[in-house]
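I have a structure I would like to understand better, so I am pasting it below and will then ask my questions one at a time.
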Amino acid sequence: MHARHRIRALVEPKGMLGGTDAATLMMRRDAEGKMAPATIRALEGLYLGNDVVTAIDAAITK
């Protein structure tokens, strides 16, 4: 959405909408056994950020 629309943060003084969203990488349990432990550690430390996720989303949803 960020790539196509001008999105702005809402002023929300009561805090009812919660804080900043955080994404978590997920995988199937059977996939973990097929990966080297070093690969799992690398994925656990992966941080993409909003700009990269926005670019990926825009590329996928074209």
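Using the alpha-carbon atoms, what tilt in degrees (0 to 90, nearest 10) does helix 49-60 show relative to the longest principal axis of the chain?
Helix 49-60 and the main axis of the chain meet at about 80 degrees.
Here is a further query. Order 42-50, 9-17, 54-62 from most to least packed using the mean count of other Cβ atoms within 10 Å.
54-62, 42-50, 9-17
Roll a 1.4 angstrom probe over the protein heavy atoms and tell me the percent of accessible area of the chain that is carbon or sulfur.
Summing carbon and sulfur atoms, their accessible area is 58 percent of the total for the chain.
The values are calculated or read from the model by the stated rules, or taken from the named source; none is laboratory data. Quick caveat, the model's predicted, so the values are computed rather than measured. Neighbour counts are summed over all protein chains in view; Cβ atoms, including those assigned to glycine, are modelled from backbone coordinates with ideal geometry. The accessibility values were calculated without ligands, DNA or RNA, using every heavy atom of the protein model including side chains. Shrake-Rupley method; radii C 1.70, N 1.55, O 1.52, S 1.80 Å.
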